[in-house]
Amino acid sequence: MKLLVTGGAGFIGSAFVRLAVKNRWASRLINLDKLTYAGNLENLISIEKDPGYRFVHGDICDSALVRLVLEEERPDAIVHFAAESHVDRSILGPAAFVETNVRGTFALLEAARALKTPRFLHVSTDEVYGSIDEPDDADEAYPLKPSSPYSASKAGSDLLALSYVTTFKLPVVVTRASNNYGPFQFPEKLIPLMISNAMDDKPLPIYGDGMQIRDWLFVEDHCRAIWAALNHGQVGEIYNIGGSRALPNREVVQLILAQLDKPLSLMTPVTDRPGHDRRYAITTEKIEQATGWHAEVPFEQGLAETIQWYRENRAWTARVKSGEYLGYYENNYSHR
Ligand code: NAD
Ligand code: DAU
């Protein structure tokens, strides 16, 4: 199979690319990435010399470039990760989210339609369902009620992608995953931020009461689910992907502090995130039954591996926490 991956220099995309090359999922793999603050070619050093791998530096909103890459490569499938992905940044500046997540997805869909790409997997999120009250768990037919510009832009792109199945018979499959964690995650999201701040003995900012619930999924489990959905998912269908491990944020942070042998006093309550979703919870029976996939990595094991990775890769973290990150951190946290 010849694969075009978008956003393959980001956290989940790079995990997918590393797994795909290692497991020979593709004879050729093209990675189209704009290298925003979140894209990092260091994440791909282990596979960059593979003869089947090609990196293209470009923006998915650039229709001419996207079309050219598809014409040159004629991939059998597109796996579309590229997005602006952080909720807090979507509150500070929503424009890039609409641009990349909606217009960028549109540009890709148009090119795939023109070139009759045989398979298009659109990577989405459980955040499109919004906050879910107990005792409900969202299945794939649950109503969409996104709360942030990020999740609304993802919901918009999901609907656009699905409309290309109905209207143009483009063979699209949509996946919606819960909160990912693992090595190489940019330290703006909860787990890598808390690990890196704790390692530096800096305060750990807990939004509101810290009792918001997220379902944690190890990144490689997510990548294996995407591969399973790409191969065995039905066109026009949506597949939730979750770790079946729901925890309040405070508990996650306490586990991190315990593993790092740091004091609980580092936890610092700060003003809540506007529009903060209280609870995410999804069912995963559909993908399990359709593909045989199930999450393999227990949270405690995945968290220990992740912490170990950040301990061993302090230089990576120091590099990504310099420059642009400092301005973002000041913007997001100084007024809280
Ligand atoms: P990330 O922010 O780590 O990486 C995004 C990547 O996309 C970066 O490499 C960036 O350079 C690239 N990119 C951004 N805009 C681009 C553009 N206009 N053109 C080309 N490349 C561009 O994101 P992530 O956490 O790896 O998430 C990947 C995908 O998975 C996203 O679609 C996200 O919505 C979805 N998702 C993420 C999670 C999570 O917990 N992180 C959970 C569910 C779904
Ligand atoms: O559910 C899937 C989504 O998970 C993905 O689609 C998003 O791309 C990804 O960013 C993630 O969104 P969240 O908003 O849930 O992730 P984040 O890591 O930003 O926050 C997790 C929880 O931790 C949330 O309740 C907010 C809280 N939090 C986060 C940060 C960054 C804090 O309390 N303090 C913080 O400093």
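The values are calculated or read from the model by the stated rules, or taken from the named source; none is laboratory data. Keep in mind that what you see is a predicted model, and the values were worked out from it rather than measured. When we count neighbours, we look across all protein chains shown, and the Cβ atoms used for this are built from the backbone with ideal geometry, even at glycine. Just the protein is used for accessible areas: all its heavy atoms, side chains included, with ligands, DNA and RNA removed. Shrake-Rupley method; radii C 1.70, N 1.55, O 1.52, S 1.80 Å.
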- Lone qualifier among A96, A82, A112 - being away from ligand 2 (no atom under 15 Å from the Cβ) and at pLDDT 95 or above: A112
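Is segment 278-287 home to any residue that is more than 30 Å from E312 (Cα to Cα) and in a strand (DSSP E or B)?
If we filter segment 278-287 for residues that are more than 30 Å from E312 (Cα to Cα), which is where we start, we get 278-287.
Those still in the list that are in a strand (DSSP E or B) too: 279, 282.
Within segment 278-287, one or more residues are more than 30 Å from E312 (Cα to Cα) and in a strand (DSSP E or B).
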- Query: What pairs can you find where one residue is in segment 87-113 and under 14 Å from T6 (Cβ atoms), the other is open to solvent by 30 Å² or more (accessible area, probe 1.4 Å) and of a type in the set (K, R), and their Cβ atoms are less than 6 Å apart, with a gap of 6+ or different chains?
  - Reply: A111/R67
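Look at segment 126-140 and say how many of its residues are open to solvent by less than 10 Å² (accessible area, probe 1.4 Å) and either in contact with a Lys or Arg (Cβ under 8 Å, 6 or more places away or on another chain) or of a type outside the set (A, V, I, L, M) (or both). Step through it out loud before you land on a result.
Narrowing segment 126-140 to residues open to solvent by less than 10 Å² (accessible area, probe 1.4 Å): 126, 128-130, 132, 138.
With the extra rule that they be either in contact with a Lys or Arg (Cβ under 8 Å, 6 or more places away or on another chain) or of a type outside the set (A, V, I, L, M) (or both), the set shrinks to 126, 128-130, 132.
Residues flagged as open to solvent by less than 10 Å² (accessible area, probe 1.4 Å) and either in contact with a Lys or Arg (Cβ under 8 Å, 6 or more places away or on another chain) or of a type outside the set (A, V, I, L, M) (or both) within segment 126-140 amount to 5.
Take E84 and decide whether it is in contact with a helix residue (DSSP H, G or I) (Cβ under 9 Å, 6 or more places away or on another chain) and either within 12 Å of ligand 1 (Cβ to nearest atom) or free of Cβ contacts under 8 Å to residues at least 60 places away in the same chain (or both).
Values: in contact with a helix residue (DSSP H, G or I) (Cβ under 9 Å, 6 or more places away or on another chain): yes; either within 12 Å of ligand 1 (Cβ to nearest atom) or free of Cβ contacts under 8 Å to residues at least 60 places away in the same chain (or both): yes.
Against the criterion (in contact with a helix residue (DSSP H, G or I) (Cβ under 9 Å, 6 or more places away or on another chain) and either within 12 Å of ligand 1 (Cβ to nearest atom) or free of Cβ contacts under 8 Å to residues at least 60 places away in the same chain (or both)), E84 qualifies.
Can you find even one residue in segment 169-177 that is away from ligand 2 (no atom under 16 Å from the Cβ) and in a strand (DSSP E or B)?
Checked segment 169-177: at least one residue is away from ligand 2 (no atom under 16 Å from the Cβ) and in a strand (DSSP E or B).
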- Which residue pairs have Cβ atoms under 9 Å apart, sit 6 or more places apart or on different chains, and have a first residue in segment 269-289 that is under 15 Å from M211 (Cα atoms) and a second that is assigned to a strand (DSSP E or B) and open to solvent by 60 Å² or more (accessible area, probe 1.4 Å)? R279/A246; Y280/A246; A281/A246
- Selection from segment 40-50 of residues farther than 21 Å from R224 by Cα and in contact with a strand residue (DSSP E or B) (Cβ under 9 Å, 6 or more places away or on another chain) yields L41
- In segment 147-173, which residues are among the hydroxyl-bearing types (S, T, Y), closer than 13 Å to F106 by Cα, surrounded by fewer than 20 Cβ atoms within 10 Å (Cβ to Cβ) and touching a residue at least 40 places away in the same chain (Cβ under 8 Å)? none
- Task: Hey, can you tell me all the residues within segment 102-141 that are closer than 23 Å to I12 by Cα, part of a loop (DSSP other than H, G, I, E, B) and among the basic types (K, R)?
- Result: R119
- Are there any pairs, at least 6 apart or on different chains, whose C-beta atoms fall under 7 Å, with the first in segment 42-65 and closer than 22 Å to V21 by Cα and the second open to solvent by 60 Å² or more (accessible area, probe 1.4 Å) and at pLDDT 95 or above, and if so, which? G52/S27; G52/R28; G58/K34
- Task: Could you please give the count of residues in segment 219-242 that are over 25 Å from T166 (Cβ atoms) and either polar (S, T, N, Q) or open to solvent by less than 10 Å² (accessible area, probe 1.4 Å) (or both)?
- Result: 5
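In segment 1-100, which strands (runs of 3 or more DSSP E) lie fully inside it and hold 3 or more residues that are buried (at least 24 other Cβ atoms within 10 Å of the Cβ)? Step through it out loud before you land on a result.
Working: elements: 2-6, 28-33, 53-57, 77-80.
Ranges flagged: 2-6, 28-33, 77-80.
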- Within the group E296, E300, which residue is in a loop (DSSP other than H, G, I, E, B), open to solvent by 40 Å² or more (accessible area, probe 1.4 Å), away from ligand 2 (no atom under 16 Å from the Cβ) and in contact (Cβ under 8 Å) with a residue 12 or more places away in the chain? E296
